[in-house]
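So the structure is just underneath, and the comments pick up after that.
The values are calculated or read from the model by the stated rules, or taken from the named source; none is laboratory data. Keep in mind that this is a model prediction, so the values were computed, not measured. What goes into the accessible areas is simple: the full protein's heavy atoms, side chains included, and nothing from ligands, DNA or RNA. Shrake-Rupley method; radii C 1.70, N 1.55, O 1.52, S 1.80 Å.
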Amino acid sequence: MESERGEGSSALKRDSTVQTYHWLDVERIAEELVVHHASVDPLTITFPKLKTLVAALPGFVEQPGHPCNERILEAIQQAWIDERD
């Protein structure tokens, strides 16, 4: 884990690690979508639009080697639906 390496700025690293998330953090993304896009119906959104909304969320960071695909977008959409219920 990033925050366990190097002692000098471990608090800063811990804070930045907690605040950022990426494509595989499906539940966190769903929570953020509920907060930041409450008026959007996850049942009607297209995957290209969903990808754009997620990429624009505060704290979201794409990580090399972890690209987005249809399976991840489906999981995000379902988690978003569940989070709204």
### Message
Sort F47, F60 by heavy-atom solvent-accessible area, probe 1.4 angstrom, most to least.
### Response
F47, F60
### Query
Of all the Cα-Cα pairs you can form in the stretch 24-77, what percent are over 17 Å apart?
27 percent
### Message
Give me a comma-separated list of calculated 3J(HN,Hα) values for the stretch 68-85, in order, Karplus coefficients 6.51, -1.76, 1.60 applied at θ = phi - 60°, integers in Hz, x for any Gly or Pro.
### Response
7, 9, 4, 5, 5, 4, 4, 5, 5, 4, 5, 5, 5, 4, 4, 5, 6, 6
### Query
How much solvent-accessible surface does H36 expose, in Å² to the nearest 10, with a 1.4 Å probe and all protein chains in place?
90 Å²
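Run the numbers for S39 and E70: contour at 0.36 nm per residue of separation, minus the present Cα-Cα distance, in nm.
Details: separation 31, 0.36 × 31 = 11.16 nm, distance 2.30 nm.
Between S39 and E70, full extension yields an extra 8.9 nm.
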